[in-house]
Amino acid sequence: MSDLIASQPVEARPRSVDYKSAAATARLRARYRTETWFKYSGLVAIGIATLFLAALTINIVRSGLPAFWTHSLVVTVQTSAEDVDAADIRSFDYSKIGKGALKVLFPDVKDRADRKSLNALLSSGAADAVRERLVADPTLIGKALDTSLLLSADADLYLKGDGTTITIRPGTGTATPSDTSGEIAIALSNSGIVPGGVLDDKVPSLLLALNGGIAKVTAVKSGSVTATVISPLTSTDAASNWRLFSYSVPESERRLNDKQITWLEQLKVHGLVQTHINWLFFTSGDSREPELAGIRGALVGTLLTLFVTLSLCLPIGVLAAIYLEAFAPKNRLTDLIEININNLAAVPSIVFGLLGLAVFLNGMHLPRSAPLVGGVVLALLVLPTIIIASRAALKSVPGSIKDAALGVGASQQQAVFHHVLPLAMPGIMTGTIIGMARALGETAPLLMIGMVAFVVDVPRAFMDAATVLPVQVYLWSDLPEQAFVAKTAAASIVLLVVLFLMNGVAIVLRRRFERRW
C-alpha cells in the first residue's frame, strides 16, 4: 500500500489536516469570533431598525388618534314652520339654528364682537345633522329636537388639551368685587399675585373665578386688581372660595381668546359638551374646514384606481410571464424584452407619471384627476414587478409536472394552463398583491396627472375627478391649520392599515397554497 501511495503523483496523494496544533486552534477560534461578531452585528442592526420602526409607528398613532374622536354641543333646537319650507328643506340657512342655541345658553353676550366670537365655537356645518333629519322626516319641522352641534376645530383642539396650558390654583384670603359686570375692581386680602401693572394681550392672561362668574385681570396693584367681567357675577359679597386661572400663552398667540375658553368651560360644567367618535372622518369628503374633512372621497378614489390597475396589470402581467417562460423562443428579441422588463422595474415612479401626462392627458385628452388615468399609470408602474414575480412562480414548479402532462398526451398549452399555472398561482397572487401594495403607496406619478386637485365630492365613476389616500395625506400635510396635523396622521394610519391587510393577504395565500417539492 505504501508503495502505491509513493508511486502516485504529489497532487493525488491524500493531504493531512492540521487541526491539533496551536496555530490551527487559533485560526478556529478566530473564525468562531468572526461568526459570533457577524451574528450579533446582524441582531443589533435588526434591533435598531425595529426601534426606529416602533418609534415611527408610535409617533403616527399618537398624533393621529385624536382625529378619530371629536366634541359636539348637545342642545335642544326647534325649527319654525314659517322659516323652513317643507317643499325645499335644504334651502334654509341652518347656521341660524346653532347661533340661536348659543344665544339661549348665553343671553348676556350681546356685544356684536362677542357674539361673533361665541358663534365661532361652532363649525360652519354644525347643523348639518338637523338638516338631514328634517329631509328624512319633514314632520319634525316645528318640533323640539335633541341634537348635537359640531364644535369648530379650534374649540375641539382646546377640549382635547392640544394647545394652551392652564394652571388652576385656589386663591388665599378673600376677594371682594366692586360690581357684577363690566369693568370692576376686586379687593384681595392675601392673593399672592405679584403687582405688575397693566396686563395686555401680549402677556399670559390671568382670570379670577368668584361668586359664580369669571373676570379677566387687566391690571394688578398692591392689594387689588382691575378686571373685566367675562361671565357675570352673582353678587358683590366677599368670596373666600375663589380660584386663579393662569395661562401659559398670551391671548394674542392663541386661536381661542379668553372669553371663548370661558364659554367652553361653562358648557363643560353644565354637561353640554359630548365626546364621540368622529364618523365624519370616514363618511365625508375633503373640506377646507378641518372638523368637516374626511377620507371617504380619497378612499373611494383609491378603490376605483386600484380596480383599474388590477384589471389591467394582472391578466397582462400573467400572460406575458407565461409567454416568456413557456412559449417564447430564446433569441435576441426575447432577451431584449427581458432586459427591458427588469430595467422598467427599477425606473423611478415619477417617470411613469410623465408618461401618463404626455400620452393619456396631452395625447388622448382624457380627463385630469380621473381614476381611469391613475389606474392605467399605476398599472404600467407595477406591471414589470408582476411579470417578474409571475415568472419566478412558474419557474418554482418542478419540470416533472409539465413533463408528466406532456407524457400522457397533453398539448403544450394544456400542460401550462391546466397543470403548471394552477400550481404557480399562489406565488403569482402574492407577487400581484405586493405590486398592488406598492401602487397604493405611490404619490409622485399621480401628482403628474392632476390627482392632487382639491376634490370635495365623492367620485361615482371612473371618469369623475378624484384623489387617493397618499395624495390626500400630502395635501393635508401642507395646510396651515393645526387640526390638519392629526388628520394627516389619521389618514396615514388608515393607509398603513390597508397596506398591512394587503400584505397579510399575501402571506395567507402563500401559506395556504404553498407546495413543497
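The values are calculated or read from the model by the stated rules, or taken from the named source; none is laboratory data. In this text, all values refer to a predicted model and were calculated from it rather than measured experimentally. Glycine also receives a Cβ, built like all others from the backbone with ideal geometry; neighbour counts cover every protein chain displayed. Only protein heavy atoms, including side chains, enter the accessible area calculation; ligands, DNA and RNA are left aside. Shrake-Rupley method; radii C 1.70, N 1.55, O 1.52, S 1.80 Å.
Laid out as a table, the results:
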{"quantity": "Segment R368-A453, extension gain: residue separation times 0.36 nm, minus the distance between their alpha carbons", "calculated": "29.7 nm"}
{"quantity": "Inter-probe distance in nm under a simple model that places probes 7 Å from Cα toward Cβ, at S91 and F513", "calculated": "5.8"}
{"quantity": "Under the Karplus curve 6.51 cos²θ - 1.76 cosθ + 1.60, θ = phi - 60°, whole-Hz ³J(HN,Hα) for the range 425-439, x wherever Gly or Pro sits", "calculated": "4, x, x, 5, 5, 4, x, 5, 5, 5, x, 5, 5, 5, 4"}
{"quantity": "P(r) weight above 18 Å for the range 416-476, C-alpha pairs, percent", "calculated": "53"}
{"quantity": "Probe 1.4 Å, protein heavy atoms only - accessible area per residue of the chain in square angstrom", "calculated": "55"}
{"quantity": "Amide H partners (placed H, <5 Å) of K221, local residues excluded", "calculated": "T226"}
{"quantity": "Whole-angstrom gap from the range 258-292 to the range 293-335, using each part's C-alpha centre", "calculated": "44"}
{"quantity": "Theoretical FRET efficiency, 1/(1+(r/R0)^6), r = Cβ-Cβ of D146 and S248, R0 45 Å, to 0.05", "calculated": "0.75"}
{"quantity": "Full-extension gain in nm, A461 to V104, via 0.36 nm per residue minus C-alpha separation", "calculated": "124.0 nm"}
{"quantity": "HN-Hα J in Hz across the range 130-147 - Karplus 6.51, -1.76, 1.60, θ = phi - 60°, x for Gly and Pro", "calculated": "5, 4, 5, 5, 6, 5, 6, 9, x, 5, 7, 5, x, 9, 6, 10, 7, 9"}
{"quantity": "Sequence-distant residues sharing a close amide H with A239 (under 5 Å, placed H)", "calculated": "A175, T176"}
{"quantity": "S400 paired with R133, simple spin-label distance in nm, labels 7 Å along Cα-to-beta-carbon", "calculated": "7.3"}
{"quantity": "Chain lengthening between L272 and L336 when straightened (0.36 nm per residue, less Cα-Cα)", "calculated": "15.9 nm"}
{"quantity": "Residues R62 and I168, FRET efficiency given R0 of 30 Å [Cβ-Cβ distance, rounded to 0.05]", "calculated": "0.70"}
{"quantity": "The range 354-508: radius of gyration and largest Cα-Cα distance (Dmax), Å", "calculated": "20.5, 71"}
{"quantity": "Among 352-358, 205-211, 456-462, the order from most to least packed when residues are scored by Cβ within 10 Å on average", "calculated": "205-211, 352-358, 456-462"}
{"quantity": "Cut-off 14 Å between beta-carbons: net charge of the residues surrounding E265, Lys and Arg +1, Asp and Glu -1", "calculated": "+3"}
{"quantity": "Rounded to the nearest 20 debye, dipole of the chain from Cβ charges on Lys, Arg, Asp, Glu", "calculated": "2280"}
{"quantity": "In sequence order, calculated HN-Hα J values of the range 256-261 (Karplus, 6.51, -1.76, 1.60; Hz; x Gly/Pro)", "calculated": "10, 7, 4, 5, 5, 5"}
{"quantity": "Dipole moment magnitude, nearest 20 debye, the range 80-131 about Cα centre, only Lys, Arg, Asp, Glu C-beta charged", "calculated": "240"}
{"quantity": "With DNA, RNA and ligands ignored, accessible area of K330 (1.4 Å probe; Å², nearest 10)", "calculated": "150"}
{"quantity": "Point-to-point label distance, A410-E82, nm (Cα→Cβ direction, 7 Å offset)", "calculated": "8.4"}
{"quantity": "Semi-axis lengths, Å, the chain, gyration tensor of Cα atoms, sqrt of 5 times eigenvalues", "calculated": "68, 37, 18"}
{"quantity": "Theoretical FRET efficiency, 1/(1+(r/R0)^6), r = Cβ-Cβ of S117 and A49, R0 45 Å, to 0.05", "calculated": "0.35"}
{"quantity": "Selection from S178, M502, G285, by position along the positive dipole direction of the chain (Cβ)", "calculated": "M502"}
{"quantity": "Probe 1.4 Å, all protein chains present, accessible-area order of K259, K20, largest first", "calculated": "K20, K259"}
{"quantity": "Whole-Å semi-axes of the ellipsoid equivalent to the range 309-402 (Cα gyration tensor, √5λ, descending)", "calculated": "30, 14, 11"}
{"quantity": "Pairwise centroid distance, computed over Cα atoms, of the range 349-389 with the range 32-80, Å", "calculated": "33"}
{"quantity": "Exposure of T34 as accessible area (Å², to 10), given a probe of 1.4 Å and all protein chains", "calculated": "90"}
{"quantity": "Amide H within-cut-off set for I230, under 5 Å, with H built and near neighbours excluded", "calculated": "I214, A215, K216"}
{"quantity": "Helix 332-344 axis, angle to the chain major axis (alpha carbon atoms, nearest 10°)", "calculated": "20"}
